[in-house]
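Read through the structure below, which is laid out as structure tokens, and then see the notes.
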Amino acid sequence: MTTGTFILKNAFRNKRRATLSIMSVAVSLFLLVTLQVALREMTVPPEDVGSALRVIVRSKVSIANLLPARQRPIIERIPGVEAVSPFSWFGGKFKGDEEMMFAQFAVDPKQMPILSPDFHVTPAEYQSWVSNRNSAIVGRLTAEKRGLKLGDRFTLSSIIYPCTLELTVAGIYAGTTDDRNMLFHHKYLDEAGGADGQVGTWWVKVRSIDEMQRVTDAINKTFENTSAEVRAETERAFALSFISMMGDITVFIGWICFAVGLALLFVTASTMSMAIRERMRELAILKAVGFRLRELLGFILAESFGLAAMGALVGIGGAWLLYTHTRTASYAIGFVSVGLLLWAVLLGWRRHFLAAALALLGGGFFGNIAFYVFTNDTIYKLTQGFLLTLDVTPKIIGIAATVAAALGILACVAPAWTVARLSVVKGLKTLD
Amino acid sequence: MALPVTYNVRNVFVRWRTTGFTVLGVTLVVAVYVLLQSMAAGIQQSSGNTGDPRNIMIVRKGSTAESSSQVTREQFRLLPYLPEIARDAQDRPLVSADVIVLISLPRRDGNGEANVVMRGISPIGMELRPQVKLAQGRWFTPGKRELVVSSRMGGRFANFGLGQSFRTGGKELTVVGWFDGGGSAFDSEIWMDTDEARSIFDRENYSSVLVRLADGASAASLTNHVETDKRLGLRAEPEVAYYAAQTKSASLFVFLGNFLAVAMSIGAVFAAMNTMYASVGARTREIGTLRVLGYRRRAILFGFIIEGAFLSLIGGVLGCVAAWALHLHFGTTATMSFESFSEMMFRFRITPALVIKGLIFSVIVGVMGSLLPAVRASRLPVIAALKSV
């Protein structure tokens, strides 16, 4: 028997315990990934290539206050400014929707290619957008979700402007960090009587990175002591101010992550110490036949680490599957459900009625979940409209895997300590 | 029956090294559950506690929040003459035109800025909101650049002390009083004179209109009057109902709490099962002895289920205690409201029902975790069990 098989056999000598431990680690890591992903969704501002050179100008009072349209030529005259476009959040409800499902902005289409180089749309579609005042271009994700095609017409009724717009899809854009938005002509909003000579924010493209600070200061200074003071800041600072508004909730999610990690540690630590206490006698024999302490500790560490790693595989992998391949995940859960149901039949056949009933319950439970995930196969539906995407980034996978590894090591500290102090005679006398 | 129960209960303490970890695991699960639900309860309480049942709020059709609504002066001029509106002793209609402005203000702890709801109200607006009481200082004087802030906001934002002032909209505003919103949504607001606010923030229109129903007048008839008038394009709704519906932010916490509770408890059930299986395995001989003494399988089964339930109930109690301590520590907290897009203050609110839910929850985890091990214990063959080492 090699050392590897020895460790493996030891880890699975009590199959039930090994399975239970792996499952509890998996559940906790699944949760950890979920929370981290949600937290990231809420706190990390997306960035694209153009964002380093963009300045967002909003009212100094607050983002919800509008700015007068007359500011535009004044900003354009500031040296270092390459392009300026209004950027007004419309807050529109798509025809027939109860809620706002995606953001729409009124902009100046002619400036968009300069302002946002990541914004990719075919030249023909761009031309048709620019030339038709009642048209809009739609982000790829939203277009796919809504089945919108070129030439489709739809209405948007705003919750902030007293008007409803009728728009035609002129193009589909992609390539930005958020391909969910919809952009349309600010002139159309003005004509529809909604804007009343006002805009939400200004987007300003600065010529070079060295001029960012100077331009930002100049814009702020220009409108100081006017009736509409502004706050100009880099796009990143602007995005961060949104996160600051989230208040204490991000802190709480951090705390919960910590609690989950801690619970995870308790569970794994208790399993490991149980596993070791159970075989004190064997360890004493191993010691007696000449195994060194570091070899024994190696066995324990490998076992604990291995259990944590398998839990990590199931938990992190499950989270990744559910959040990035939701439909596939529903099949996988359905598969588990079917497996449990078959097992129930088998157990019933063998007259283990209680176990069969429990397996049946478990199968039903997973079947329900599979059905739920299958029918709500987008993150938007799964989170009841709170989040649109959940990206399981390599960084988050890394964090969760590190936690699992740390856990594997920490959980065997106490058993290792016991083994190190174990005297052979005492160990041989141990009963359980 | 009595012996197995005491035997099992005492075992939880005797083997505290094994049971301790499981207890702590359950503690964390219950604490997280109770705390998150207490946040949801706090939000629901503050929105459910807002408004006067005799008031009707009028906003623009199609707007989902007061802050995004607009009522023009022409529209407002038509409203006070509706027959259903109450009048005071001087025969003035009890109507307040409010203007809502979101102001971005620095937090006191230097942790960035947050939007605050600034409500401009007519002098009569205070009469319409009897639940808001002055706590310190005085009310603002109409026509002056003065404002009163909620005492809960007072501690969270810079320059909210009495007599302090801050600049916004290019003007200097002075805080002259702190008010107590009585645990309502008004605790997240600052108030000033409505026409002064309109001039400072350059608002042509009001945001909403609050009216008091005359005695005996029907809300339905007023609502009907307002909503069928084509000149108006407004929507009327009881004030209480309007605020009670503003709980979208609470649903986030309810969802998060339930989700975490279910997910974490699955992990906790596995942990409890592990502990109980180990416990049964280590006590095979003791169980055999009990059987020989004449205790039935049923007694052993229930004894072990009770042990599991008790073990996890300890965790539940500790979890509630932890949640209670944390709720006292945090007291009031704030997050961004999804409706008004501004800082929303609320209290953690641990209700007895919530505690009981948490405890029941922990017992369920214990029973589910100990069911299979208990069955195993009750089915041990007596002689073999006695012989086992």
Next item on the list: List every residue whose amide H lies under 5 Å from the amide H of B:Asp98, counting only residues 5 or more places away in sequence or on a different chain, with H placed 1.01 Å from N in the peptide plane.
Entry: B:Ser207, B:Ser208, B:Val209, B:Leu210
Notebook entry, point to check: So, how do all the Cα-to-Cα distances of the range B:70-189 break down into 5 Å bins, in percent, from 0 on up?
Noted result: 2, 10, 18, 22, 18, 13, 8, 5, 2, 1, 0
Check: Any idea which of B:Thr247, B:Ile305, B:Asn224 is furthest toward the positive side of the dipole for the range B:219-307, if Lys and Arg beta-carbons carry +1 and Asp and Glu beta-carbons -1?
Finding: B:Ile305
Check: What are the semi-axes of the equivalent ellipsoid of the range A:72-209, taken as the square roots of 5 times the eigenvalues of the Cα gyration tensor, listed largest first and rounded to whole Å?
Finding: 24, 18, 13
Check: Semi-axes of the equivalent ellipsoid of the range A:228-331: what are they in whole Å, largest first, if each equals the square root of 5 times a C-alpha gyration tensor eigenvalue?
Finding: 48, 19, 13
Next item on the list: Straight distance only, please: which lysines reach the Cα of A:Lys205 with their own Cα at less than 19 Å, same-chain residues fewer than 8 apart left out?
Entry: A:Lys110, A:Lys221
Check: Roughly what angle does helix B:352-378 make with the longest principal axis of chain B, taking Cα atoms, 0 to 90 degrees, to the nearest 10?
Finding: 20
Next item on the list: Pull out a ≥ b ≥ c, the square roots of the eigenvalues of the alpha-carbon gyration tensor of the range A:174-238, then state rounded if a/c is under 1.5, prolate if not and a/b is larger than b/c, and oblate in the remaining case.
Entry: oblate
Margin query: If exposed means no more than 11 neighbouring beta carbons inside 10 Å and the site is in a DSSP loop, what's the longest run of chain A without any exposed GluC sites (Glu not before Pro)?
Written below: A:225-432
Notebook entry, point to check: What percentage of all Cα-Cα pairs in the range A:248-293 are separated by more than 14 Å?
Noted result: 67
Note to self: Under the rule a/c < 1.5 gives rounded, and otherwise a/b versus b/c splits prolate from oblate, where does the range B:82-125 land using the Cα gyration tensor?
What the structure shows: prolate
Item checked: Environment charge of B:Leu290, counting only residues whose C-beta is closer than 11 Å and scoring Lys/Arg +1, Asp/Glu -1 -> +4
Margin query: Let me confirm one metric for peptide B:169-178, namely the mean number of other chain beta-carbon atoms within 10 Å of its residues' beta-carbons.
Written below: 2
Next item on the list: Determine the shielding of peptide A:237-249 by partner chains: average, over its residues, the number of Cβ atoms on other chains within 10 angstrom of each Cβ.
Entry: 5
Check: Dividing the convex hull volume of the Cα atoms of the protein assembly as shown by its residue count, what figure in Å³ per residue is obtained?
Finding: 212
Next item on the list: Report, to the nearest 10°, how far helix B:248-282 tilts away from the longest principal axis of the Cα atoms in chain B, using its own Cα long axis and a range of 0 to 90°.
Entry: 10
Checklist line | Cβ-based charge dipole, the range A:255-316, positive-most Cα from A:Val314, A:Ile285, A:Gly261 | finding: A:Ile285
Next item on the list: Determine the gain in length on full extension of the stretch A:Ser208-A:Thr402; use 0.36 nm per residue of separation and subtract their C-alpha separation, reporting nm with one decimal.
Entry: 65.8 nm
Note to self: Considering just Cα atoms, how many Å³ per residue does the convex hull of the range A:47-108 enclose?
What the structure shows: 134
Notebook entry, point to check: To the nearest Å, what is the center-to-center distance of the range B:77-138 and the range A:159-193, using C-alpha atoms only?
Noted result: 34
Notebook entry, point to check: How many Å³ per residue does the convex hull of the Cα positions in chain B occupy?
Noted result: 172
Item checked: All lysines inside 23 Å of A:Lys145 as judged from Cα atoms, apart from same-chain residues fewer than 8 positions distant -> A:Lys93, A:Lys95, A:Lys381
Next item on the list: Could you check how many percent of all C-alpha pairs in the range B:26-122 are farther apart than 21 Å?
Entry: 58
Checklist line | Ranked B:Tyr7, B:Tyr243, criterion: other C-beta atoms within 10 Å, fewest first | finding: B:Tyr7, B:Tyr243
Check: Rounded, prolate or oblate: which fits the range B:146-280, taking a ≥ b ≥ c as square roots of the Cα gyration tensor eigenvalues, rounded meaning a/c under 1.5, else prolate when a/b beats b/c?
Finding: oblate
Note to self: Please compute the average number of Cβ atoms from other chains found within 10 Å of each residue's Cβ in peptide B:16-26.
What the structure shows: 4
Next item on the list: For n ≥ 4 DSSP H runs only, could you compute -39500 (n - 2.57) per run for chain B, divide by its residues and tell me the 222 nm figure to the nearest 500?
Entry: -16500 deg cm²/dmol
Check: Once Lys and Arg get +1 and Asp and Glu get -1 on their Cβ, which of A:Gly175, A:Pro394, A:Ala356 lies farthest toward the positive end of the dipole of chain A?
Finding: A:Ala356
Notebook entry, point to check: Span-like helices, chain A: DSSP H, alpha-carbon axial extent 24 Å or more, mean Kyte-Doolittle -0.5 or greater, which ones?
Noted result: A:15-43, A:249-278, A:293-324, A:326-349, A:353-375, A:394-411
Check: When the Debye formula is applied to the Cα atoms of the range A:289-400, each taken as the same point scatterer, what base-10 log of I(q)/I(0) results at q = 0.10, 0.15 Å⁻¹?
Finding: -0.49, -0.82
Notebook entry, point to check: Semi-axes of the equivalent ellipsoid of chain A: what are they in whole Å, largest first, if each equals the square root of 5 times a C-alpha gyration tensor eigenvalue?
Noted result: 59, 27, 16
Margin query: Run the helix sum for chain A: -39,500 (n - 2.57) per DSSP H stretch of 4+ residues, divided by residue count, reported at 222 nm to the nearest 500 deg cm²/dmol.
Written below: -18500 deg cm²/dmol
Notebook entry, point to check: Mean 1/r over all different Cα pairs, inverted: what Kirkwood radius does the range B:276-389 give, in Å?
Noted result: 16.9
Item checked: Set of lysines near A:Lys287 by C-alpha distance (under 22 Å), chain-local residues within fewer than 8 positions excluded -> A:Lys9, A:Lys426, A:Lys429
Checklist line | Between the range A:275-309 and the range A:78-156, the Cα center-to-center distance that results, in Å | finding: 64
Item checked: Residues of the range A:335-367 with amide N under 19 Å of the 7 Å Cα→Cβ point at B:Arg379 -> A:340-363
Notebook entry, point to check: With θ set to phi - 60° and the Karplus curve 6.51 cos²θ - 1.76 cosθ + 1.60, what are the ³J(HN,Hα) couplings of the range B:316-322 in order, to the nearest whole Hz, using x for Gly and Pro?
Noted result: x, 5, 4, x, 5, 4, 4
Margin query: How tilted is helix B:16-48 with respect to the longest principal axis of chain B? Cα atoms for both, answer in degrees (0 to 90, nearest 10).
Written below: 20
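We did not get these values from a lab; they are worked out from the coordinates using the rules stated. As the structure is a computational prediction, the values presented were derived from the model and not from experiment. Cβ atoms come from the backbone with ideal geometry, glycine included; neighbour counts cover every protein chain shown.
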